[in-house]
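Structure first, commentary second.
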Amino acid sequence: MPELNELNINAVKESFKEALKTVTNLAGLDDLRVRFTGKKGDLTLLLRSLGKLPSELRKEAGIELNKLRDEIEHAIDITGKKIRDSENEKQEVSQRIDVTLPEKGRVSGAFHPVIQTMHEIANIMQGLGYSVATGPEKEEEFYNFECLNVPKWHPARDMQDTFYFPDGTLLRTHTSPVQIRAMLEYGAPLRIICPGKVYRRDNDTTHSPMFNQMEGLLVDKNVPFSVMKGTMAEMLNAFFGKSLKYRFRASYFPFTEPSMELDIECVECSGHNEHCRVCHGTGWLEVAGMGMVHPNVIRAGKIDPDEYNGFAFGIGLDRMSMLKYGISDLRLLFDGNVSYFLSGFGGVERC
Ligand code: DAH
């Protein structure tokens, strides 16, 4: 314990003053407080040694020491307040918001054009009384081919180069197997659409190994060919928002008889530009395959083809979205780079 005398009191006072000058933050101030007024602090030790002084000196030394303690505590309080004030101010400046700054712009999310197309066509078809049905993407050969009148030996299997799994199942090559699943589940009469992903071993500038289709199936009694034509025309006009010219071309699908492909007037040039990049001067665009459902297919759905008939169609959704939204390259639909869409595609808005 230090010996208590005037020299010691002054020395503590001076060393406190010096140390205080070096304090720059609250942690440093706290260290200082402990060093002087803590349990083993310089000032505390002097206070403790008061008792050893002869009584005639004790009173005066006590007054001195208490004065010094008040001074030290006061100085610590004042310095603490100053440090806190300046820290608050620094924080306030760094967090200050300039409400007059111009906004940076914000891009809102949007549906992918193919999904948007899917929703739009589904809405139109739902308006015509169709319900949405679904089926698995990992499908059985039975539903994907056999039930659709495509036996193993059938050359039409080559039209759809297939991804097979080792267990003999496959990635569905079209949404047509959902026709069978829906007939088996719901029976007749029936009106369904089935949008979804399909897969084929194709990969070049105009083909992707995964693409999107919308299947449609209507089964009822005495369904005339004209209802199919009217339904397709209705759907196309509603989707493109204008009355387009269309034509049916005779075609072949094993699951329909007769079979057709549907072409619409080129949405880009209406047949007036022989160099058109969309129709290549033909004036027509192929958008769907369709036909009157083959009796074997109705039968595979456990419905009597002598009592019921119907029509079915398959629409290429990627193609439809490209036509509607003026997307020139199929690969843009599957590319991670969204700048093309941000720069003008109608579904994205800046706000
Ligand atoms: N499944 C055919 C394909 O992927 C498209 C198709 C054609 C679907 C005719 C149908 C149809 O329902 O009747 O190429």
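By the rule of a C-alpha distance below 20 Å, with chain neighbours fewer than 8 residues away ignored, the lysines paired with Lys242 are Lys229, Lys324.
Can you find, among Leu217, Ala300, Pro254, the residue farthest towards the positive end of the dipole of segment 216-321? Put +1 on the C-beta of Lys and Arg, -1 on that of Asp and Glu. Looking along the dipole axis, the top candidate is Leu217.
Whenever you get a sec, compute what percent of the accessible area on segment 127-168 sits on carbon and sulfur atoms (1.4 Å probe). Here it works out to 57 percent.
Taking 0.36 nm per residue of separation and subtracting the current Cα-Cα distance, fully stretching the chain between Asp220 and His272 would add 14.6 nm. When only Cα pairs below 8 angstrom with a gap of at least 6 residues are kept, segment 170-253 shows a relative contact order of 26 percent. The distance separating the Cα centre of segment 259-286 from that of segment 13-45 comes to 89 Å.
Here the Karplus curve 6.51 cos²θ - 1.76 cosθ + 1.60, taken at θ = phi - 60°, turns the phi angles of segment 200-206 into couplings of 9, 7, 9, 7, 8, 5, 10 Hz, with x standing for Gly and Pro. Computed over neighbours whose Cβ is under 13 Å from that of Gln95, the net charge equals -2, Lys and Arg +1, Asp and Glu -1. For the chain, the solvent-accessible area with a 1.4 angstrom probe is 57 square angstrom per residue. Measuring against 27 Å, Cα to Cα, the residue pairs Lys17/Lys82; Lys13/Lys39; Lys221/Lys245; Lys52/Lys82 contain Lys221/Lys245; Lys52/Lys82 as the ones spanning a longer distance.
Taking label positions 7 Å along the Cα-Cβ direction at both Asn237 and His154, the computed distance is 3.4 nm, reported to one decimal.
Remind me, relative contact order of the chain in percent, using alpha carbon pairs under 8 angstrom and six or more residues apart? Worked out over the chain, it gives 15 percent.
Full extension of the chain between Thr169 and Arg96 yields a length gain of 20.0 nm, computed as 0.36 nm times the residue separation minus the alpha carbon distance. Using the Kirkwood formula over every pair of different C-alpha atoms, what hydrodynamic radius in Å results for segment 123-211? Over segment 123-211, the inverse of the mean reciprocal pair distance is 14.1 Å.
The values are calculated or read from the model by the stated rules, or taken from the named source; none is laboratory data. Here the structure is a predicted model, which is why all the values come from computation and not from measurement. Positions of Cβ are backbone-derived with ideal geometry, glycine not excepted, and every protein chain shown enters the neighbour counts. Just so you know, the surface numbers come from the protein's heavy atoms only, side chains and all, with ligands and any DNA or RNA stripped out. Shrake-Rupley method; radii C 1.70, N 1.55, O 1.52, S 1.80 Å.
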